[in-house]
1. Within segment A:12-50, take every residue that is more than 14 Å from chain B (Cβ to nearest Cβ) and in contact with a Leu (Cβ under 6 Å, 6 or more places away or on another chain) and give me the one that is most open to solvent (accessible area, probe 1.4 Å).
2. For segment B:33-82, what are the residues that are within 11 Å of another protein chain (Cβ to nearest Cβ), under 29 Å from residue A:9 (Cα atoms) and open to solvent by 50 Å² or more (accessible area, probe 1.4 Å)?
3. Being within 12 Å of another protein chain (Cβ to nearest Cβ) and open to solvent by 40 Å² or more (accessible area, probe 1.4 Å) is the filter; apply it to segment A:59-100 and report the residue that is nearest to residue B:3 (Cα to Cα).
4. If you check B:107, B:87, which single one turns out to be more than 14 Å from chain A (Cβ to nearest Cβ), assigned to a strand (DSSP E or B) and in contact (Cβ under 8 Å) with a residue 12 or more places away in the chain?
5. For segment A:56-72, which positions are of a type outside the set (Lys, Arg) and over 14 Å from residue A:86 (Cβ atoms)?
6. In segment B:90-104, what residues are of a type in the set (A, V, I, L, M), open to solvent by 30 Å² or more (accessible area, probe 1.4 Å) and within 10 Å of another protein chain (Cβ to nearest Cβ)?
7. Scan segment A:58-76 for residues that are assigned to a strand (DSSP E or B) and not polar (S, T, N, Q) and jot them down.
8. Tell me, please, whether a residue that is under 29 Å from residue B:49 (Cβ atoms) and outside any strand (DSSP E or B) can be found in segment A:79-99.
Amino acid sequence: SAVISQKPSRDICQRGTSLTIQCQVDSQVTMMFWYRQQPGQSLTLIATANQGSEATYESGFVIDKFPISRPNLTFSTLTVSNMSPEDSSIYLCSVGQGGDYTFGSGTRLTVV
Amino acid sequence: EDQVTQSPEALRLQEGESSSLNCSYTVSGLRGLFWYRQDPGKGPEFLFTLYSAGEEKEKERLKATLTKKESFLHITAPKPEDSATYLCAVQAMDSSYKLIFGSGTRLLVRP
């Protein structure tokens, strides 16, 4: 299974600011996924990030709010822009290889 | 619309008391069904992938089974360290490869 390093592990941010979350994988992967897990809830897919193409966003998520970069096959970033308290969640990246989908440890974001 | 429903929402067991968690799904062609364990403050930990009805997989005290409409995660003689939230997800037979998650079952095993 791929090993994922996700940074930061947690942050407390002021409303109106932006936070960029990084996801580094120890092997080359085609698809990377970004999920949100709101307090006490399950995981909801934000977008799929393929290297060399624009990210594909799920209904309810837009690029202006959650811009994603995927510069190579081992790295991706998710930015949470113009944050409000409603953005307080855990954000997770995930990669899939051969039917095994691995998750990072998550970034716990609190917006005050 | 693809959908995953897990039950019960929460389950309390005594150590050694076996039970099952349910995951019902509707999907336009199943590519795979996934089970994860999630501990508080951590990302989901992969347990199993099931691909076709009748398939079964085991890992220590856990056994996952699959039918055309649902999956069960059987926990045999659980221990307190099995306490966690168990998540079920499906992947449809389309080009997205995304996982659609259920709301999870919070399991507490008391000593």
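The values are calculated or read from the model by the stated rules, or taken from the named source; none is laboratory data. These figures come from a predicted structure and were not determined experimentally. Using ideal geometry, Cβ is built from the backbone for each residue, glycine included, and neighbour counts are taken over all protein chains shown. Protein only, heavy atoms only, side chains kept; ligands, DNA and RNA dropped before computing areas. Shrake-Rupley method; radii C 1.70, N 1.55, O 1.52, S 1.80 Å.
1. The qualifying residue most open to solvent (accessible area, probe 1.4 Å) is A:28.
2. B:40, B:41, B:42, B:45, B:46
3. Of everything passing the filter in segment A:59-100, A:59 is nearest to residue B:3 (Cα to Cα).
4. Just one listed residue meets the conditions, B:107.
5. Result: A:56, A:57, A:58, A:59, A:62, A:63, A:64, A:67, A:68, A:69, A:71, A:72.
6. If the condition is that a residue be of a type in the set (A, V, I, L, M), open to solvent by 30 Å² or more (accessible area, probe 1.4 Å) and within 10 Å of another protein chain (Cβ to nearest Cβ), then B:100 is the only one that fits.
7. Answer for segment A:58-76, where residues must be assigned to a strand (DSSP E or B) and not polar (S, T, N, Q): A:68, A:70, A:71, A:75.
8. Within segment A:79-99 (the criterion being under 29 Å from residue B:49 (Cβ atoms) and outside any strand (DSSP E or B)), the answer is yes, since at least one residue qualifies.
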